[in-house]
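Asks: Pasting a structure below so you can have a look.
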Number of protein chains: 2
Amino acid sequence: MIFHPARIGLLNKRALIRQLRKDGVASRAGLARALGMSQPTAGKIVDELLTQEILEEVEGAEANGDHATRLGRPGRQLQLNRSQPSFLGIQLGVSETRLAELPLGACDENDWHFSFHHDAAAANPAAAWEKQLRNVAKQLRSRKFLGVVLSVPGIVDESARRILFSPNIHWSESADLCAAIGKVWDAPVLLVQEERALALGYLTLHPDQEDFLLADFGEGVGGAVIFGGKPLMHPLPISGEFGHTPVLGNHRRCGCGAVGCVETLLSTSGLLKSFAAAHPRQTASWAALQKQLAENGVEPWLAQSLDAAAVALAAALNVLGLRRVVVTGNLTDLPPTVLEYFSGAIRGGAMWARFGEVECVSAPRNRTAGLVAVGIDRLILPEAEPKLSRGKNAATKLVK
Amino acid sequence: MIFHPARIGLLNKRALIRQLRKDGVASRAGLARALGMSQPTAGKIVDELLTQEILEEVEGAEANGDHATRLGRPGRQLQLNRSQPSFLGIQLGVSETRLAELPLGACDENDWHFSFHHDAAAANPAAAWEKQLRNVAKQLRSRKFLGVVLSVPGIVDESARRILFSPNIHWSESADLCAAIGKVWDAPVLLVQEERALALGYLTLHPDQEDFLLADFGEGVGGAVIFGGKPLMHPLPISGEFGHTPVLGNHRRCGCGAVGCVETLLSTSGLLKSFAAAHPRQTASWAALQKQLAENGVEPWLAQSLDAAAVALAAALNVLGLRRVVVTGNLTDLPPTVLEYFSGAIRGGAMWARFGEVECVSAPRNRTAGLVAVGIDRLILPEAEPKLSRGKNAATKLVK
DNA sequence: ATCATTTAATTAATAAAACTACGAAAGTCC
DNA sequence: GGACTTTCGTAGTTTTATTAATTAAATGAT
């Protein structure tokens, strides 16, 4: 990326919004201080964002943060616009799609306003899906959005907005869901890999934690890395996929086509399968599993699976130089001893544990916050368009 | 990092030098084209770098690259200064230290001009080392360098210039080697983790390959990641350490304090140990190992070790979204079947192998090129000094 | 109640860096 | 030798952020 003056304004604007997302509420002066820019600059950016209705002034708010002062003229506090929905968030689940109208600021809670079940038996599931979308569209208060953000599990090419591989929602691979959404709502459509959205959601709610690996356990097992406060982006449309690391000695077939993946052991169905194998007489239900583990602690079959996943995670931590794992999904829904064991196993393999603390925390899934973060990053602040800069000189020359 | 006009010039200068390192030789116009900047800008930057003697004009050279044209006024070709050494490179090995005077451009070959063995038995090994440095200094043609770059194996805090942990050169941990160098040569001293230097060296010689994981096998086992043409930098002073990922079922003690690390299986000594265990009657020498493998192919004991390392690497590839592994060190010194087996094992665990090509190539170690790359990046172009920008406003305020 | 103090926000002038446009220089091709 | 093409440098413009100075709005002491 080449920098010219016309571009750097955007970068500072981006930094300011990011800071404001961290602080929640801040004044022009506070932002300037935190970012190391001059007050006139911060003021000018804020004014611009106010006219765009991306920010709004907040009345009764007091300055928070370290620099809380009582003296002097009080700053006019600012926040990301909460008064109106800016984005439409859509979560494509395995059997269900959920939708929510999302304002730019403050979506701590995971309240999805609409949902419908998929009709996988339909002749054309994608068409049926689009029809249900239209149905929802009628019920929405707002017609117009800054953008629509769709989160999808599996392997996703976010820039090309294509679903490359989705073992549990196969029908979504051939369908161009973004195009379908574009037909229903007249707004730019963004596609996000699900775990990346979860990681960004965690980041929004814990803005101080700028480096971690999020590991999500559900129908599948996957993850995402936040590195320096930003999602680790990748040359390939694949990343965070520790769940498809093979476990030596494990021979279960995985949905991805390989054999022995971590996912076959620790996905919901994988856990139940192992549970059933270890306790043939019990009903292999999630409730029974919870009860069994609550009574007996981490049984050997589970310990082995956790050890294997921990090695894959530790390998990633060691290579990336991270020290924090955030666990979401089904593992957080089992007795706490399970997560304790898992934490210990990760620490055992993470090299940094020999020098300092390695943390492994559990967290609820925070999709909405993540979807908003994606929308802000990619729509409000169209950061890098290297084509634009490069194309102007290089491309025309080449054509010629 | 906050951007103001005074800063962005550096970024473009950095981009230009990087491009020139890629191309080897290029004209002002060619650089402007490649980088998408205007010709006046490129010209101005080049002029500045010429007066600093970082670049030099080259006489008889023809334009190379895709855009080779015969028409029009021929461009004056430029290259990184080769006519005089700019950096002093020092490689701290286990038993030996090697030194080389390095020009900015063109150090394809690994010719080290000076070397000496360590006196580990000395009462004060660090002082003995410094003395030997002085000895070398007398023999050097050049007294004055832009900088001295020291590469060290182990765990290194590059910004603090401290060696935190070096299992094979323990005496280096307590000694402040950079300070010692600073006493001998009056120039800024940079510290680089060895594998990172190797990775940067590979990048210099293969500038088109911007994303890969380098895995080095020697006295220890370690690696480094190049991500988007830059070394993946890390919040912790630790990264690339796939060698210290535990292998389930392996109980060898590792120099790092843990048990079962990959390194205990695939370091030179680890390989010989396994070889000896598998063939008690043979002499456990490297030559014997080579011979045995050349005759018998990859034996089961080796296959197991390679499989384990491959899983750790695959986990990292999957999480990072990479598709290329560059192998250096002792593994490249064994019969080719070994690397073939290893490649296959990595492909088996790398998820991208199900969708496209995963490459695993071997390469010689290229330290000198890496040391130069480090010197250029950190000395000639002092990129990010967030303190500077931030401190001016924030710090003074706080003090006050 | 008034005034000094402190912090916030705005305005004006300055500096840095990149861009476009134009023209001179230095080759090739006919 | 002239037409053409490409390179390189100069001049003037634009964008952006900075510093310095000014106005605004609160607290606290006399």
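Asks: In the stretch B:1-17, how many residues are over 21 Å from A:Lys230 (Cβ atoms), away from DNA strand D (no atom under 13 Å from the Cβ) and not aliphatic (A, V, I, L, M)?
Replies: 2
Asks: Please pick out the residue among A:Ala187, A:Ala215 that is part of a strand (DSSP E or B) and either in contact (Cβ under 8 Å) with a residue 60 or more places away in the chain or over 11 Å from A:Leu150 (Cα atoms) (or both). Steps first, please.
Replies: Numbers: A:Ala187 fails: part of a strand (DSSP E or B).
Result: A:Ala215 is the single residue among A:Ala187, A:Ala215 that is part of a strand (DSSP E or B) and either in contact (Cβ under 8 Å) with a residue 60 or more places away in the chain or over 11 Å from A:Leu150 (Cα atoms) (or both).
Asks: Looking only at residues that are among the small types (Gly, Ala, Ser) and at pLDDT 95 or above in the stretch A:150-179, which one is farthest from A:Gly329 (Cα to Cα)? Steps first, answer last, please.
Replies: Within the stretch A:150-179, the first condition is being among the small types (Gly, Ala, Ser), and the residues that meet it are A:151, A:154, A:159-160, A:166, A:172, A:174-175, A:179.
When the remaining residues are screened for being at pLDDT 95 or above, the result is A:151, A:179.
On the way: A:Ser151: 16, A:Ala179: 30 Å.
Within the stretch A:150-179, the match that is farthest from A:Gly329 (Cα to Cα) is A:Ala179.
Asks: Still on this structure, please answer the following. Tell me the residue from B:Leu20, B:Leu49, B:Leu10 that is crowded, with 19+ Cβ neighbours inside 10 Å and either out of contact with any strand residue (DSSP E or B) (no Cβ under 7 Å at 6 or more places or on another chain) or more than 30 Å from A:Met37 (Cα to Cα) (or both), please.
Replies: Working: B:Leu49 fails: either out of contact with any strand residue (DSSP E or B) (no Cβ under 7 Å at 6 or more places or on another chain) or more than 30 Å from A:Met37 (Cα to Cα) (or both); B:Leu10 fails: crowded, with 19+ Cβ neighbours inside 10 Å.
Sole residue among the options that is crowded, with 19+ Cβ neighbours inside 10 Å and either out of contact with any strand residue (DSSP E or B) (no Cβ under 7 Å at 6 or more places or on another chain) or more than 30 Å from A:Met37 (Cα to Cα) (or both): B:Leu20.
Asks: Any residue at all in the stretch B:196-217 that is at the interface with chain A (Cβ under 9 Å from one of its Cβ atoms) and not aliphatic (A, V, I, L, M)?
Replies: Yes, some residue in the stretch B:196-217 is at the interface with chain A (Cβ under 9 Å from one of its Cβ atoms) and not aliphatic (A, V, I, L, M).
Asks: Hey, can you tell me all the residues within the stretch A:246-273 that are at the interface with chain B (Cβ under 7 Å from one of its Cβ atoms) and within 19 Å of A:Asn168 (Cβ to Cβ)? Walk me through it before giving the result.
Replies: Residues of the stretch A:246-273 at the interface with chain B (Cβ under 7 Å from one of its Cβ atoms): A:246, A:248, A:256-258.
The answer is A:Cys256, A:Gly257, A:Ala258.
Asks: Could you list, in sequence order, all residues of the stretch B:68-90 that are near DNA strand C (Cβ under 10 Å from one of its atoms) and under 32 Å from the mean Cα position of the chain (by Cα)?
Replies: Matches in the stretch B:68-90: B:Arg76 only.
Asks: Residues that are over 18 Å from B:Gly329 (Cβ atoms): find the helices (runs of 4 or more DSSP H) completely inside the stretch B:244-299 holding 3 or more of those. Spell out the reasoning first.
Replies: Values: elements: B:263-266, B:268-278, B:286-296.
Hits in the stretch B:244-299: B:268-278, B:286-296.
Asks: For a quick check of your reading of the model, give me the residue pairs whose first member lies in the stretch A:336-360 and is free of Cβ contacts under 8 Å to residues at least 24 places away in the same chain, whose second is of a type in the set (A, V, I, L, M) and not in a helix (DSSP H, G or I), with beta-carbon atoms closer than 6 Å and at least 6 apart or on different chains.
Replies: Matching pairs, first to second residue: A:Arg347/A:Val358.
Asks: May I pose another question? What single numbered condition from (1) buried (at least 20 other Cβ atoms within 10 Å of the Cβ); (2) farther than 26 Å from A:Leu20 by Cα; (3) without any contact (Cβ under 8 Å) to a residue 60 or more places away in the chain fails to hold for A:His170?
Replies: The single condition A:His170 does not satisfy is (1).
Asks: Right, another one. Before we move on, is B:Leu236 part of a strand (DSSP E or B), in contact with a helix residue (DSSP H, G or I) (Cβ under 8 Å, 6 or more places away or on another chain) and either surrounded by fewer than 24 Cβ atoms within 10 Å (Cβ to Cβ) or free of Cβ contacts under 8 Å to residues at least 60 places away in the same chain (or both)?
Replies: Working: part of a strand (DSSP E or B): no; in contact with a helix residue (DSSP H, G or I) (Cβ under 8 Å, 6 or more places away or on another chain): yes; either surrounded by fewer than 24 Cβ atoms within 10 Å (Cβ to Cβ) or free of Cβ contacts under 8 Å to residues at least 60 places away in the same chain (or both): yes.
Considered against the rule, which asks whether it is part of a strand (DSSP E or B), in contact with a helix residue (DSSP H, G or I) (Cβ under 8 Å, 6 or more places away or on another chain) and either surrounded by fewer than 24 Cβ atoms within 10 Å (Cβ to Cβ) or free of Cβ contacts under 8 Å to residues at least 60 places away in the same chain (or both), B:Leu236 comes out as no.
Asks: Just to verify a result, which residue in the stretch B:94-124, among those that are within 19 Å of the chain's Cα centre (by Cα) and among the acidic types (Asp, Glu), is surrounded by the most Cβ atoms within 10 Å (Cβ to Cβ)?
Replies: My answer is B:Glu101.
Asks: Can you tell me how many residues within the stretch A:2-20 are touching a residue at least 12 places away in the same chain (Cβ under 8 Å), within 11 Å of DNA strand C (Cβ to nearest atom) and either among the aliphatic types (A, V, I, L, M) or at positive phi (or both)?
Replies: Summing the residues that are touching a residue at least 12 places away in the same chain (Cβ under 8 Å), within 11 Å of DNA strand C (Cβ to nearest atom) and either among the aliphatic types (A, V, I, L, M) or at positive phi (or both) in the stretch A:2-20 gives 1.
Asks: Please go through the stretch B:346-359 and pick out each residue that is more than 10 Å from chain A (Cβ to nearest Cβ) and either surrounded by 24 or more Cβ atoms within 10 Å (Cβ to Cβ) or over 27 Å from B:Arg18 (Cβ atoms) (or both).
Replies: Passing the criteria: B:Ile346, B:Arg347.
Asks: What are the residues in the stretch A:21-32 that are within 12 Å of chain B (Cβ to nearest Cβ) and more than 7 Å from DNA strand C (Cβ to nearest atom), if any?
Replies: Step one: of the stretch A:21-32, the residues within 12 Å of chain B (Cβ to nearest Cβ) are A:29-32.
Within the stretch A:21-32, A:Leu31, A:Ala32 meet the criteria.
Asks: If you don't mind, another one. When only residues in the stretch B:310-345 that are of a type in the set (Gly, Ala, Ser) and touching a strand residue (DSSP E or B) at 6+ places or on another chain (Cβ under 8 Å) count, which is nearest to the other protein chains (Cβ to nearest Cβ)?
Replies: So in the stretch B:310-345, the residues of a type in the set (Gly, Ala, Ser) come out as B:310, B:312, B:314-316, B:321, B:329, B:343-345.
Those left that are additionally touching a strand residue (DSSP E or B) at 6+ places or on another chain (Cβ under 8 Å): B:314, B:316, B:329, B:343.
Values: B:Ala314: 6, B:Ala316: 4, B:Gly329: 17, B:Ser343: 15 Å.
Applying the filter and picking the extreme gives B:Ala316.
Asks: Something else: Kindly check whether there is at least one residue in the stretch A:299-309 that is at the interface with chain B (Cβ under 9 Å from one of its Cβ atoms), acidic (Asp, Glu) and surrounded by fewer than 24 Cβ atoms within 10 Å (Cβ to Cβ).
Replies: As a first pass, look at the stretch A:299-309 and keep what is at the interface with chain B (Cβ under 9 Å from one of its Cβ atoms): A:304, A:307-308.
From what is left, the residues that are acidic (Asp, Glu) are A:307.
Subset that is surrounded by fewer than 24 Cβ atoms within 10 Å (Cβ to Cβ): A:307.
Yes - at least one qualifying residue is present in the stretch A:299-309.
Asks: For B:Arg281, which of the numbered conditions (1) within 27 Å of A:Ala215 (Cα to Cα); (2) at pLDDT below 95 fails to hold?
Replies: Going through (1) within 27 Å of A:Ala215 (Cα to Cα); (2) at pLDDT below 95 one by one, B:Arg281 breaks only (1).
Asks: Further, regarding this structure: Might you check whether a residue that is surrounded by fewer than 24 Cβ atoms within 10 Å (Cβ to Cβ) and assigned to a loop (DSSP other than H, G, I, E, B) occurs anywhere in the stretch B:324-344?
Replies: Scanning the stretch B:324-344 turns up at least one residue that is surrounded by fewer than 24 Cβ atoms within 10 Å (Cβ to Cβ) and assigned to a loop (DSSP other than H, G, I, E, B).
Asks: Further question on the same structure: Tell me which residues, restricted to the stretch B:41-58, are within 14 Å of DNA strand C (Cβ to nearest atom) and in contact with a helix residue (DSSP H, G or I) (Cβ under 6 Å, 6 or more places away or on another chain). Break it down into steps so the answer makes sense when it comes.
Replies: Narrowing the stretch B:41-58 to residues within 14 Å of DNA strand C (Cβ to nearest atom): B:41-49, B:57.
Passing the criteria: B:Ala42, B:Gly43, B:Ile45, B:Val46.
Asks: Would you kindly identify the strands (runs of 3 or more DSSP E) lying entirely within the stretch B:109-174 that contain at least 1 residues that are in the same structural domain as B:Gln193 (by TED's automatic domain parsing) and closer than 19 Å to B:Gly240 by Cα? It would help to see each step written out before you state the result.
Replies: Working: elements: B:114-117, B:147-152, B:155-157, B:162-165.
The qualifying strands (runs of 3 or more DSSP E) are B:147-152, B:155-157, B:162-165.
The values are calculated or read from the model by the stated rules, or taken from the named source; none is laboratory data. Treat the numbers as computed from the prediction; the structure is a model and nothing was measured. Neighbour counts run over all protein chains shown; Cβ positions are idealised from the backbone, glycine included.
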